[in-house]
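K.L.:
Structure in structure tokens, see below.
The values are calculated or read from the model by the stated rules, or taken from the named source; none is laboratory data. All figures in this text were calculated on a predicted structure; none of them were measured in a lab. Note that we place each Cβ from the backbone using ideal geometry, even for glycine, and neighbour counts take in every protein chain shown.
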Amino acid sequence: MDIPHPSPWHRPDGRSSTSLSAAGSSRREFLWRSGGGLGGIALASILGGEGLLAAPDDTAPRLRRAPLPHRPPRAKRVIQMFMGGAASHIDLFDFKRELVRRDGQKSDFGEHVEAFQDGLGPWMKPVWDFKPYGRSGKMLSDVVSDLGRVVDDIAFVHNLVGKTGVHSQATYLQSTGFQLPGFPGVGSWVSYGLGSMNDNLPAFVVLPDHRGFASNGPKNWDSAFLPGQHAGTIIYPGRENPITDLFPGKSGRYVSGRSEAATHEVLARLNEGHAATRADDARLEARIQSYELAARMQLAAPEAMDISKEPDHLLARYGIRRDPPTWPKEINAEEEMHHFGTKCMVARRLVERGVRFVQIWSGNDNGFPRRNWDSHEDIRRDHGPLASGFARGAAALIEDLKQRGLLDDTVILWTTEFGRMPSSQGGKGRDHNPYCFTNWLCGGGIQGGVVAGESDEWGYKPLDRSAPTTVHDIHATLLRLLGIDHTRLTFRNNGIDRRLTDVHGEVIQSLIGA
């Protein structure tokens, strides 16, 4: 059944909110003089939202939320880590003693195997040694040993299955619940369902790999048929301009507060007239809201992303260099720790300030030399720096959230598009394995120190092939932790009540208990 869900922003008189054009001229002039340009819009919104304007402010948008959550939530926010290119579960988290025993022997799966690049060479043992960690005794690879400090807070799912070995389709599936483009990202659904906890920052923020996008790029976090304001906002921590076009560029010295104010006033009038004749078109409304959010972000975003005042010992824990060197051309662990750790620390600062969903990406789609997890040629060379980099940042993030009392209501989800085969490819690499791979979750009501679903003796397929875990189960569980029934969070599009989990999905009770 579709949930009644009006467009989130409405003026008290029922008409779509525009900018400041409906305000009285004297009040408008005061705000422009006080804030100037976009800052004036931000000031108007802040004052109106706090009830500090002398008269009722018809121009301040009023947020109307859907009747959510459906049940008391255990979590308020999510941080998702996505390893673009397909990380090898059997070299990181899912120890297979049989692979050690049969290393170098001809692989025999007992059935026909359709491999992506015919990577069906001899069995290959894990590239790194495994050791037990924590009270749970969970076996972890040496390359992700930093996670050993927090492993008892983590729940592993080793029997996840996909539908395809094609990167783009598999990435869509894990990001949106569908293999094809045109569907909203999981963060967009959460933003649509629950809205923001801070009107000055986006509800859904994306921190891409610093080198570029993974497969599909922004389509992984697009709002698709949901209202446009629920798309992910891209931020690049560490860059001179982390948010594109938030502030005027260096060439825009001619822009003054007065000229910017005049420009926005004209645009507001044009937008209002345009929207009045297109009441059923939500695109302009979403665009107006994006301008208003950008105005408020000018005040809030720089502070949220400023890690310069974080203490040295905490930066070191994340692997962040206060004065990073000029990194060598070859990919290395220290560089990965710095960049991934920076994203993790910024993610903590964002959720601390009320951002609902933060997505962190590792790995881009720019081919050779490898800067992603697609390790057909050499697992040690390609996975090594990426794995140690993410493990340092993720462990520090978990510890930091826990110390601040935020882990109890923040879910961390680690995922990738599929796994890699237990057989070798070219002696040192591994081919795609959509038949079985790993996710792990932490915080926000997740029971740590457990394994929910195991793979077979090779890490090739689920141990119980009749009861695999799917991304729809992961998404259903994630929404349940946020207080949402995944079958009731819907949006009608082209005559169909669409939802994140399509027609599938079961909550994984062993992860969250009763």
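K.L.:
Every residue in region 129-154 that is under 11 Å from L92 (Cα atoms) and in contact (Cβ under 8 Å) with a residue 60 or more places away in the chain, please.
P.N.:
If the condition is that a residue be under 11 Å from L92 (Cα atoms) and in contact (Cβ under 8 Å) with a residue 60 or more places away in the chain, then S141, V143, V144, S145, L147 are the ones that fit.
K.L.:
Can G121 be described as modelled with pLDDT of 95 or more, in a loop (DSSP other than H, G, I, E, B) and in the same structural domain as M81 (by TED's automatic domain parsing)?
P.N.:
Working: modelled with pLDDT of 95 or more: yes; in a loop (DSSP other than H, G, I, E, B): yes; in the same structural domain as M81 (by TED's automatic domain parsing): yes.
Judged against the criteria, G121 is a match.
K.L.:
Please go through (1) more than 19 Å from the chain's Cα centre (by Cα); (2) in contact (Cβ under 8 Å) with a residue 24 or more places away in the chain for H167 and return the number of the only condition it doesn't satisfy.
P.N.:
So the condition that H167 fails would be (1).
K.L.:
Do the conditions hold for L413, that is, is it at pLDDT 95 or above, of a type outside the set (D, E, K, R) and assigned to a helix (DSSP H, G or I)?
P.N.:
Details: at pLDDT 95 or above: yes; of a type outside the set (D, E, K, R): yes; assigned to a helix (DSSP H, G or I): no.
Considered against the rule, which asks whether it is at pLDDT 95 or above, of a type outside the set (D, E, K, R) and assigned to a helix (DSSP H, G or I), L413 comes out as no.
K.L.:
Just to be sure I understand the filter: pairs with C-beta atoms under 7 Å, separated by 6 or more residues or on different chains, first member in region 298-318 and without any contact (Cβ under 8 Å) to a residue 40 or more places away in the chain, second member assigned to a helix (DSSP H, G or I) and not polar (S, T, N, Q). Which pairs pass?
P.N.:
E310/M345
K.L.:
Among the residues of region 315-347, what is the count of those that are surrounded by fewer than 23 Cβ atoms within 10 Å (Cβ to Cβ), under 30 Å from A75 (Cβ atoms) and basic (K, R)?
P.N.:
1
K.L.:
Still on this structure, I have one more. When R283 is evaluated against the numbered criteria (1) farther than 29 Å from A394 by Cα; (2) modelled with pLDDT of 80 or more; (3) surrounded by fewer than 18 Cβ atoms within 10 Å (Cβ to Cβ), which criterion, by number, is the only one it fails?
P.N.:
Of (1) farther than 29 Å from A394 by Cα; (2) modelled with pLDDT of 80 or more; (3) surrounded by fewer than 18 Cβ atoms within 10 Å (Cβ to Cβ), only one is false for R283: (2).
K.L.:
In region 53-88, which residue that is modelled with pLDDT of 50 or more, of a type in the set (A, V, I, L, M, F, W, C) and not in a loop (DSSP other than H, G, I, E, B) is farthest from I288 (Cα to Cα)?
P.N.:
As a first pass, look at region 53-88 and keep what is modelled with pLDDT of 50 or more: 66-88.
Imposing the further condition that a residue be of a type in the set (A, V, I, L, M, F, W, C) reduces the set to 66, 68, 75, 78-79, 81-83, 86-87.
Restricting the remaining residues to those that are not in a loop (DSSP other than H, G, I, E, B) gives 78-79, 81-83.
Details: V78: 27, I79: 27, M81: 30, F82: 31, M83: 34 Å.
Checking each candidate, the answer is M83.
Residue by residue, here is whether (1) surrounded by fewer than 24 Cβ atoms within 10 Å (Cβ to Cβ); (2) at pLDDT 95 or above; (3) more than 15 Å from the chain's Cα centre (by Cα); (4) among the charged types (D, E, K, R) holds:
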| residue | (1), (2), (3), (4) |
| --- | --- |
| S136 | yes, yes, yes, no |
| S145 | yes, yes, yes, no |
| V151 | no, yes, yes, no |
| T176 | no, yes, no, no |
| P184 | no, yes, no, no |
| N200 | yes, no, yes, no |
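K.L.:
Let me ask another. Taking W373 as the residue in question, decide whether it is in a loop (DSSP other than H, G, I, E, B) and more than 22 Å from A452 (Cα to Cα).
P.N.:
Numbers: in a loop (DSSP other than H, G, I, E, B): yes; more than 22 Å from A452 (Cα to Cα): yes.
Criteria met by W373.
K.L.:
Further, regarding this structure: Name every residue in region 217-245 that is in contact with a Phe, Trp or Tyr (Cβ under 6 Å, 6 or more places away or on another chain) and modelled with pLDDT of 90 or more, in order of residue number.
P.N.:
Passing the criteria: A224, L226, H230, G232.
K.L.:
Go through (1) buried (at least 19 other Cβ atoms within 10 Å of the Cβ); (2) farther than 22 Å from G165 by Cβ and name the single condition D408 misses.
P.N.:
Result: D408 fails condition (1) only.
K.L.:
Can you tell me which residue within region 258-280, out of those that are surrounded by 12 or more Cβ atoms within 10 Å (Cβ to Cβ) and of a type in the set (D, E), is modelled with the lowest pLDDT?
P.N.:
The residue in question is E260.
K.L.:
Which one of these is under 30 Å from V355 (Cβ atoms) and aromatic (F, W, Y): F82, F130, F116, F109?
P.N.:
On the way: F130 fails: under 30 Å from V355 (Cβ atoms); F116 fails: under 30 Å from V355 (Cβ atoms); F109 fails: under 30 Å from V355 (Cβ atoms).
Just a single option satisfies the conditions, and that option is F82.
K.L.:
Out of all the residues in region 220-245, which are under 23 Å from H339 (Cβ atoms) and outside any loop (DSSP other than H, G, I, E, B)?
P.N.:
Let us first name the residues in region 220-245 that are under 23 Å from H339 (Cβ atoms), namely 220-221, 232-245.
Within region 220-245, N220, W221, T233, I234 meet the criteria.
K.L.:
Select from region 99-109 the residues that are part of a helix (DSSP H, G or I) and touching a strand residue (DSSP E or B) at 6+ places or on another chain (Cβ under 8 Å) and list them in ascending order. Lay out the reasoning, then the answer.
P.N.:
Step one: list which residues in region 99-109 are part of a helix (DSSP H, G or I), which gives 99-101.
Correct list: L99 only.
K.L.:
On the basis of being farther than 25 Å from S175 by Cα, touching a Leu at 6+ places or on another chain (Cβ under 8 Å) and either in the same structural domain as P202 (by TED's automatic domain parsing) or modelled with pLDDT under 95 (or both), does R322 make the cut? First the steps, then the outcome.
P.N.:
Details: farther than 25 Å from S175 by Cα: yes; touching a Leu at 6+ places or on another chain (Cβ under 8 Å): yes; either in the same structural domain as P202 (by TED's automatic domain parsing) or modelled with pLDDT under 95 (or both): yes.
Yes: the conditions hold for R322.
K.L.:
Which residue pairs have Cβ atoms closer than 9 Å, lie 6 or more positions apart in sequence or on different chains, and pair a first residue in region 229-240 that is surrounded by fewer than 23 Cβ atoms within 10 Å (Cβ to Cβ) with a second residue that is of a type in the set (S, T, Y) and assigned to a loop (DSSP other than H, G, I, E, B)?
P.N.:
Listed by first residue and then by second, the contacts come to I234/T244; Y236/T244.
K.L.:
If a residue has to be touching a residue at least 40 places away in the same chain (Cβ under 8 Å), of a type in the set (S, T, Y) and in contact with a Lys or Arg (Cβ under 8 Å, 6 or more places away or on another chain) to count, how many in region 437-489 make the cut?
P.N.:
The qualifying residues number 1.
K.L.:
If only one of S423, S388 is at pLDDT 95 or above and either over 22 Å from the mean Cα position of the chain (by Cα) or over 30 Å from Q117 (Cα atoms) (or both), which one is it? Full working, then the answer.
P.N.:
On the way: S388 fails: either over 22 Å from the mean Cα position of the chain (by Cα) or over 30 Å from Q117 (Cα atoms) (or both).
Exactly one of S423, S388 is at pLDDT 95 or above and either over 22 Å from the mean Cα position of the chain (by Cα) or over 30 Å from Q117 (Cα atoms) (or both), namely S423.
K.L.:
Let me ask another. Inspect all residues belonging to region 92-100 and state whether any of them is within 21 Å of P468 (Cα to Cα) and among the basic types (K, R).
P.N.:
Taking every residue of region 92-100 in turn, at least one turns out to be within 21 Å of P468 (Cα to Cα) and among the basic types (K, R).
K.L.:
At least 1 residues that are more than 30 Å from R499 (Cα to Cα) and among the charged types (D, E, K, R) in each: list the strands (runs of 3 or more DSSP E) lying fully within region 128-210 that qualify. Quick ask: steps written out before the conclusion?
P.N.:
Numbers: elements: 130-133, 138-141, 154-160, 204-207.
Hits in region 128-210: 130-133, 138-141.
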